[in-house]
Amino acid sequence: GILFPVGLMFQKDKINLNAEKVEKLIQANFSSIALIISNFLSYKKKGLLVGFGSVSGYLGRELNTYYASSKRALESYFESVGFANKKNSVKIQFYTLGYLDTNLSFGKKLILPKGSPHDLSKIVYKNRGKKLGKYFFPKWWGAIVFLLKVLPFSFLVNLNTLKK
């Protein structure tokens with residue numbers, strides 16, 4: 001099997017990012033993974049494919065625009081791979097990650113607690129033999145994402161402008 005705990009982020013990832021950085025973000029967070037999986041699936045009819053996305057991909061954002069967009073594309077791609085392989089023995093898993101206790105969150109003041117990478121690795125290992133589909137980590141992020149999806153976009157935009 002193949003696990004894809006990879007990604008790339010730039011601190012100043014906004015809508016007007018230069019083309020070279022946009023291409024790097026999309027390649028690292030989506031297209032390189034899709035190409036590897038496509039090649040894998042042309043030769044294998046059993047195995048395990050595990051992708052890792054981000055809760056940031058569930059809602060358009062002003063910050064981390066291309067990172068979030070490519071993670072959203074990756075999740076959609078994993079859904080498609082899951083549908084295409086429902087009758088064979090390739091196990092497809094996609095973990096949508098909230099804040100993790102890594103160098104990306106070090107020193108940042110976050111309103112929600114960070115998940116442990118060690119705990120995540122234990123969950124991934126425990127689930128390695130399953131066709132899991134999607135999984136949120138930490139689990140409670142699923143409820144937060146649900147709320148973000150049902151709130152009107154205009155409310156979220158206005159909420160964002162209140163912070164400034």
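Looking at region 130-141 only, could you name the residues that are within 14 Å of the chain's Cα centre (by Cα) and buried (at least 16 other Cβ atoms within 10 Å of the Cβ)? Correct list: Lys134, Tyr135, Phe136, Phe137, Pro138, Trp141. Restricting region 84-98 to residues that are closer than 11 Å to Gly133 by Cβ and basic (Lys, Arg) leaves a set whose member that is most open to solvent (accessible area, probe 1.4 Å) is Lys86.
For the criterion of being surrounded by fewer than 20 Cβ atoms within 10 Å (Cβ to Cβ) and more than 26 Å from Lys126 (Cβ to Cβ), Ala19 passes.
Going by the structure shown, is Pro117 in contact (Cβ under 8 Å) with a residue 40 or more places away in the chain and either touching a His at 6+ places or on another chain (Cβ under 6 Å) or not hydroxyl-bearing (Ser, Thr, Tyr) (or both)?
It is false that Pro117 is in contact (Cβ under 8 Å) with a residue 40 or more places away in the chain and either touching a His at 6+ places or on another chain (Cβ under 6 Å) or not hydroxyl-bearing (Ser, Thr, Tyr) (or both).
Restricting to region 43-102, and then to whatever is under 19 Å from Lys12 (Cα atoms), of a type in the set (Ser, Thr, Tyr) and touching a strand residue (DSSP E or B) at 6+ places or on another chain (Cβ under 7 Å), can you tell me which residue is modelled with the highest pLDDT? Result: Ser54. When only residues in region 22-63 that are among the charged types (D, E, K, R) and without any contact (Cβ under 8 Å) to a residue 40 or more places away in the chain count, which is most open to solvent (accessible area, probe 1.4 Å)? Ranking the candidates gives Glu23 first.
Just checking, does region 119-133 include any residue being in contact with a helix residue (DSSP H, G or I) (Cβ under 6 Å, 6 or more places away or on another chain) and at pLDDT 90 or above? For region 119-133, residues in contact with a helix residue (DSSP H, G or I) (Cβ under 6 Å, 6 or more places away or on another chain) and at pLDDT 90 or above: absent.
Scanning region 145-164 for residues that are among the hydrophobic types (A, V, I, L, M, F, W, C) and either at pLDDT below 70 or open to solvent by less than 90 Å² (accessible area, probe 1.4 Å) (or both) returns Val145, Leu148, Val150, Leu151, Leu156, Val157, Leu159, Leu162. Counting only residues that are among the charged types (D, E, K, R) and either open to solvent by 20 Å² or more (accessible area, probe 1.4 Å) or more than 21 Å from Tyr135 (Cα to Cα) (or both), region 64-74 holds 1 of them.
Within region 2-16, being in contact (Cβ under 8 Å) with a residue 40 or more places away in the chain and open to solvent by 80 Å² or more (accessible area, probe 1.4 Å) holds for Leu3, Pro5, Lys14, Ile15.
The values are calculated or read from the model by the stated rules, or taken from the named source; none is laboratory data. Treat the numbers as computed from the prediction; the structure is a model and nothing was measured. Note: ideal-geometry Cβ built from the backbone for every residue, glycine included; neighbour counts use all protein chains shown. The protein model used for the area step is the full one, side chains on, heavy atoms only, and it has no ligands, DNA or RNA in it. Shrake-Rupley method; radii C 1.70, N 1.55, O 1.52, S 1.80 Å.
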